[in-house]
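Notes follow once the structure below has been shown.
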Amino acid sequence: MIIGQIAKGERKLALANLGFAYAAFLIGTLCGLLQVFIRNDALTLPGWLDYYQVLTAHGLLLAIVFTTFFIFAFFQAGMSRALGSFGPKVLLWNWIGFIVTSLGTLLVVIMVIGGQASVLYTFYAPLQAHGLFYVGLALFVIGTWIQGFALIGHYRVWRKQNKGQLSPLFAFMTVATIILWVIACLGVVAAVLFQFIPWAFGMVDGINVELSRSLFWYFGHPLVYFWLLPAYMAWYVIVPKILGTKVFSDSLVRLSFVLFILFSIPVGFHHQLTEPGIASFWKFLQTVLTFMVIIPSLMTAFSMFATFELRGRELGGKGLFGWFRKLPWKDVRFTSIFIAMAFFIPGGAGGIINASFQMNEVIHNTLWVVGHFHITVGTPVAMTFFGLTFWLIPYLTGRRFTKALQKLAFIQIISWSVGMLLMSTAQHVLGLMGAPRRTAYTGYAHDDALAWFDGILSNHVTMAVAGSILFLSASLLIFIVIQLWWIAPKADVHQVESFPIASSDASATPKFLENWKIWIGIAFVLIAVAYTIPLADLIQHAPPGSGRFQTW
Ligand code: HEM
Ligand SMILES: [Cu+2]
C-alpha cells in the first residue's frame, strides 16, 4: 500500500489524535440531539442521567476535545509535511503529550459520566465537581503543552538548519497558534492548580469566585482563536492549493497571525460585562481591545476573496461576478470550506454585538449566545475540519476518497448547513425575545414566556427537526471517516492523496515578523495593562470565599 509522503511515526500519531477527535464528535453530537428534545419536554431522561450532565459532556466533548485533538492531528501531519520528518525525540515527546492529553480527557469524561462533574464546560465556581475532574483538566492542558512544545522543538531544529530564513508559512502559523495556546492556558492552569484543586480536595474552605471566573475568561476568549487559527490556516494555505493558485500575500498572513496573538488575550472581560467586582473602566478597555481583532479578521476575509476573484478571473470568469462561477464547486474539499466561511460572516457580526458593552445586556446568557457559537465554532471551524478530514484521512491511510464518498460528503455538509441554519436562527430569535440558555425546561408557567416558542422559526418542532438533521449529518460524517480509515479502496501510485499546501512567496516579507520575542513581549505588556490592576483588586478586596455547591 502506498502511503502519502508522510513517515510512519507521524502518520500513526496524527491518526491517534483523529481517532479521539471523532469519538468525541460522535458522543458530543448525540448529547446535542438529546438536548433539543429534552428542552421542549419531548424526552425525559432516566433518573441516572441529568440534563446538565449531558450539556457538560456536549460542551466539553465538542468544543474542547474534538477541536483540540483534531488540531493536533492537523499540526502533526502538516509540520511533518512542511518541515520534514520528525526526529525520534520530537516524535517521542509528541506521543508522551498525546498520552497525557488522552489520560486527562478520560479522567474528565469518567467524572462527567459518573455524575461527579455536572458543572458545564466553563466549570464556574461555586459549583464544585469532584477533585479528579480538575486533575483531569490539568492533565489535559499539560498534555497539549507537551505536544505543542514538541512541535516547536521540530521547528527549532529546522530554523537551526536554515539560519536567517523565514520558515514555511504552515510552520509559522502552527507556531503562532501554539504560542497563543500556551499563553492563554496560563490563566486556566492558575485557576485549576491554585484555586479549584485545593478547594475541591478540602485543603481550603472557600474559593474566590470572581477571580476564578476572570482567570477562566482570560483563557476562554483566546480559546476561540485556538479553534479559529487552524481553520484560518486551512483557508490561507490549503484552499489556494485546491484552487490551483498561490497564497495571496505571505506578509499579510504572518502579520494577521501576529495580531491575533496580540489582541485575542487581553480581552476576557467582554464575557463578564454583567459581573460586579470589575470596574467599568477595565471592561471598557478590554472591549476596545476586543474590537482590534476586527482588523486581522477583515484582512483574512479580504485576502480570501481576493484569492477567489483572482483565480476565478484566471480561469476565464468575466464581468463583475463571473469569476464566482469558475470556482471548483464540485470539489467538496473546497465547497465545504467556502460554506464554512460564509457562516462566519453572520457569526463574526454577531460577535461584535456580543462584545459591545451595551448590546451585550440584551443577549447576555440568552439562547442568542448558543446560536452564536454554533455559527462560529459549530460550523465555520467544525466544517473546515470536516473539509480537511476528506483528504487528511486518505493521506494518512493511503485510501481513496472515491466519487461515491465525495457524493456522501456533499450530502453531509449540506445537511449540516441546513441543520445549523435552522437551529441557530431559532436560537438567535429566541434569545432576542429573552429565552435563557443552559436550562433544561422551557415550558415556563408564564404565558409571555410560552409565547416565545410560537414563532414559525422559534418553535419546538423546528428545533427538534434541526437537531435531528444535525445528528444524522454527524452520523454520516462518522460513516465517511470509517470508510476512509478502513474500508475505501487503496490508492495506487497515481491516486495517492497529497497534503495540499500552496506556495507562498516570502521574498518581500520582513524578517521581524518571525521574531517571536518581540510579539510575545508585546503580548505580555498588553496583558499586564489590561489585567494587573483589576486582578489585584479582585484579590485584595476579595469577599469571603464561597463554599461548595452541588446543584445536581
Ligand atoms: C448535532 C449537532 C448539535 C446540536 C443538536 C447541538 C445542540 C445544542 C443545544 C440545544 C445547546 C444549548 C443547550 C442549553 O443552553 O441549554 C448547545 C450548547 C452548546 N453547543 Fe451544541 N449542538 C450541536 C453541535 C455542536 C458543535 C459541533 C459544537 C462545537 C464544536 C457545539 C458546541 C456547543 C457548546 C460549547 C454549547 C454550550 C454548552 C454550555 O452552555 O455549557 N455544539 N448545543
Ligand atoms: Cu470572547
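We did not get these values from a lab; they are worked out from the coordinates using the rules stated. Predicted model only: the values in this text are computed from it and were never measured. Every residue, glycine as well, gets a Cβ built from its backbone with ideal geometry; the counts of neighbours run over all protein chains shown.
Counting only residues that are part of a helix (DSSP H, G or I), touching a residue at least 12 places away in the same chain (Cβ under 8 Å) and away from ligand 2 (no atom under 16 Å from the Cβ), segment 192-230 holds 12 of them.
Val90 - would you say it is of a type in the set (Val, Ile, Thr), within 16 Å of ligand 1 (Cβ to nearest atom), in contact with a Leu (Cβ under 9 Å, 6 or more places away or on another chain) and in contact (Cβ under 8 Å) with a residue 60 or more places away in the chain?
Values: of a type in the set (Val, Ile, Thr): yes; within 16 Å of ligand 1 (Cβ to nearest atom): no; in contact with a Leu (Cβ under 9 Å, 6 or more places away or on another chain): yes; in contact (Cβ under 8 Å) with a residue 60 or more places away in the chain: yes.
Answer is no for this residue.
Just for segment 136-194: of the residues that are of a type in the set (S, T, N, Q) and crowded, with 17+ Cβ neighbours inside 10 Å, which one is farthest from Leu215 (Cα to Cα)? It comes out as Ser167. Of the set (1) over 19 Å from the mean Cα position of the chain (by Cα); (2) closer than 20 Å to Arg254 by Cβ; (3) β-branched (Val, Ile, Thr), all apply to Val182 but (1). Look at (1) closer than 24 Å to Ser503 by Cβ; (2) touching a residue at least 60 places away in the same chain (Cβ under 8 Å); (3) more than 16 Å from ligand 2 (Cβ to nearest atom); (4) part of a helix (DSSP H, G or I) and you find that Ser256 fails only one, number (2). Scan segment 122-140 and tell me whether some residue there is closer than 23 Å to Arg11 by Cβ and assigned to a helix (DSSP H, G or I). No, that holds for no residue.
Just the residues that are small (Gly, Ala, Ser), assigned to a helix (DSSP H, G or I) and surrounded by fewer than 23 Cβ atoms within 10 Å (Cβ to Cβ), please, taken from segment 33-61. Talk me through it step by step, then tell me what you get.
Filtering segment 33-61 down to residues small (Gly, Ala, Ser) leaves 42, 47, 57, 59.
Applying the additional criterion that residues be assigned to a helix (DSSP H, G or I) yields 57, 59.
The one that is small (Gly, Ala, Ser), assigned to a helix (DSSP H, G or I) and surrounded by fewer than 23 Cβ atoms within 10 Å (Cβ to Cβ): Gly59.
Looking for something on the phi < 0 side of the Ramachandran plot and within 16 Å of ligand 2 (Cβ to nearest atom) - is there at least one such residue anywhere in segment 388-404? Working first, answer last.
In the first step, residues of segment 388-404 are kept if they are on the phi < 0 side of the Ramachandran plot; the result is 388-397, 399-404.
From what's left, within 16 Å of ligand 2 (Cβ to nearest atom): none.
Taking every residue of segment 388-404 in turn, none turns out to be on the phi < 0 side of the Ramachandran plot and within 16 Å of ligand 2 (Cβ to nearest atom).
Annotation: Thr425 fulfils all but one of (1) closer than 30 Å to Phe248 by Cβ; (2) hydroxyl-bearing (Ser, Thr, Tyr); (3) in a helix (DSSP H, G or I); the unmet one is (1). Here Lys160, Lys246 are screened, and the one residue that is part of a helix (DSSP H, G or I), more than 25 Å from Thr287 (Cβ to Cβ) and over 20 Å from the mean Cα position of the chain (by Cα) is Lys160.
Are any of the residues in segment 406-414 closer than 30 Å to Ser498 by Cα, within 14 Å of ligand 1 (Cβ to nearest atom) and part of a helix (DSSP H, G or I)? Yes, there is a match, as at least one residue in segment 406-414 is closer than 30 Å to Ser498 by Cα, within 14 Å of ligand 1 (Cβ to nearest atom) and part of a helix (DSSP H, G or I). Counting only residues that are surrounded by fewer than 19 Cβ atoms within 10 Å (Cβ to Cβ) and more than 19 Å from Met423 (Cβ to Cβ), segment 361-388 holds 3 of them. With respect to (1) away from ligand 2 (no atom under 13 Å from the Cβ); (2) more than 30 Å from Trp391 (Cβ to Cβ); (3) crowded, with 18+ Cβ neighbours inside 10 Å; (4) of a type outside the set (A, V, I, L, M), the lone exception for Trp235 is condition (2).
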